[in-house]
Amino acid sequence: MPTHKTSAWPLALVYIGLIVYASLYPFSGWRDQGVEPWWFLTAALPRYWTGFDVVSNLLGYMPLGFFLALSALRTGREAYALRLPLLAALLLSLGMETLQVYLPQRVSSNLDLLLNVAGAALGSASAWGMERLGWLQRWSRFRAQWFVEEARGGLVLLALWPLALLFPAVVPFGLGQVMERVESALALALEDSPLIEWLPLRDLELQPMLPAVEWLCVFLGVLIPCLLGFCIIRSTYRRALFLLWVLVLGVGSTALSTALSFGPAYAWVWLNLPVKVALASAAVVSGALIGAPRRASAALALLALGVDLSLINQSAVGPYFEQTLYSWEQGQFIRFHGLAQWLGWGWPFAVLVYVLGLLWGKNLKT
């Protein structure tokens, strides 16, 4: 099999970072409990566990095993397709369980370790089976027909977009609202330091969004992934199909986020008339831009990101939104919240860096 670049390896690195964050969230209350860091390895299996814990630990490491095995298979290193995921999962899970000994909100468990490694084994076996069935070759042909050669960065970002939407946003599709949190974190970090005098302060408090601003943020939040796809998709016909995918997946992910926060009965409460108009407007504008050159798409994406992030970060986080976040931080969502939180905050900024790289690169055809 010829060696070529693959999106699986950067996806595996991203997923490792997410596992680390989910395993150690909320990164507070570190303490020495007076026990050996590896005590859980020789302890008896836990007597009390829930189905959610078993499923989350098993399925949580499956994508890691799949991506690592896939990266080995797609780069001609088949001998490592099964061994690398198991070793990586063992070392990563062992490190996370050991560090959890020092976190009061986490409990280290040998059962978690076994389930994590088993999940990675299932993921790598899935990739191996797909290779043997020829599904990966079909994906390679599909990718070559649909996407430009240097598309893996854009593909990773597009794959992460629905996951980023699972984090509750102050407005539907309004990712990247970090200003208030950054200001609060800096003020807390510099509280007893002379550097606090250098911290810039706003003259006016952030205000809630006006209806027109909310509409524009929803519109831009849908337009940005469409333009990102146009940067890497070859033909107008395939761009049209991709546009439908963005609308369906975006609406579905936002509905799932609402259902997870408030219950299935409220899954569609966010889809009011202004949001519907914004979605329709984004679809029309994206359709009009469906034949835009790649460089023009990247430039428009950069402009849309600048406007969207500026509007989002000049708006206040209201008490209703704070209550939504509080519900996510409780119970079984504590790990999921940590994963989706960073995706929801960082996805637009990652796209910003990616689009800037495209515009500065020499291989982006007009």
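The values are calculated or read from the model by the stated rules, or taken from the named source; none is laboratory data. The structure presented is a predicted model; accordingly, all values stated were derived computationally and were not measured. Every residue, glycine among them, receives a Cβ derived from its backbone with ideal geometry; neighbour counts consider all protein chains shown.
Close contacts from segment 137-153, counting a first residue that is over 12 Å from Arg294 (Cβ atoms) and a second that is of a type in the set (D, E, K, R) and not in a helix (DSSP H, G or I), with Cβ to Cβ under 7 Å and a gap of 6+ residues or different chains, come to Trp146/Arg234; Arg152/Lys5. Regarding segment 49-64, can at least one residue be identified that is at pLDDT 75 or above, assigned to a loop (DSSP other than H, G, I, E, B) and either charged (D, E, K, R) or in the same structural domain as Trp342 (by TED's automatic domain parsing) (or both)? Taking every residue of segment 49-64 in turn, none turns out to be at pLDDT 75 or above, assigned to a loop (DSSP other than H, G, I, E, B) and either charged (D, E, K, R) or in the same structural domain as Trp342 (by TED's automatic domain parsing) (or both). Of the listed requirements (1) within 24 Å of the chain's Cα centre (by Cα); (2) surrounded by 16 or more Cβ atoms within 10 Å (Cβ to Cβ), Thr98 misses just one: (1).
Scanning segment 70-115 for residues that are touching a Gly at 6+ places or on another chain (Cβ under 7 Å) and part of a helix (DSSP H, G or I) gives Pro85, Ala89. Restricting attention to segment 256-275, report how many residues are within 17 Å of Phe219 (Cα to Cα) and surrounded by 12 or more Cβ atoms within 10 Å (Cβ to Cβ). So the count comes out to 4.
For every residue, the table says whether it meets (1) modelled with pLDDT of 95 or more; (2) out of contact with any helix residue (DSSP H, G or I) (no Cβ under 6 Å at 6 or more places or on another chain).
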{"residue": "Phe219", "(1), (2)": "yes, no"}
{"residue": "Leu227", "(1), (2)": "yes, no"}
{"residue": "Ile233", "(1), (2)": "no, no"}
{"residue": "Tyr237", "(1), (2)": "no, yes"}
{"residue": "Gly263", "(1), (2)": "no, yes"}
{"residue": "Ala267", "(1), (2)": "no, no"}
{"residue": "Trp270", "(1), (2)": "no, no"}
{"residue": "Gln314", "(1), (2)": "no, yes"}
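Here's a check for you: in segment 148-199, which residue that is among the small types (Gly, Ala, Ser) and assigned to a loop (DSSP other than H, G, I, E, B) is modelled with the lowest pLDDT? Here the answer is Ser193.
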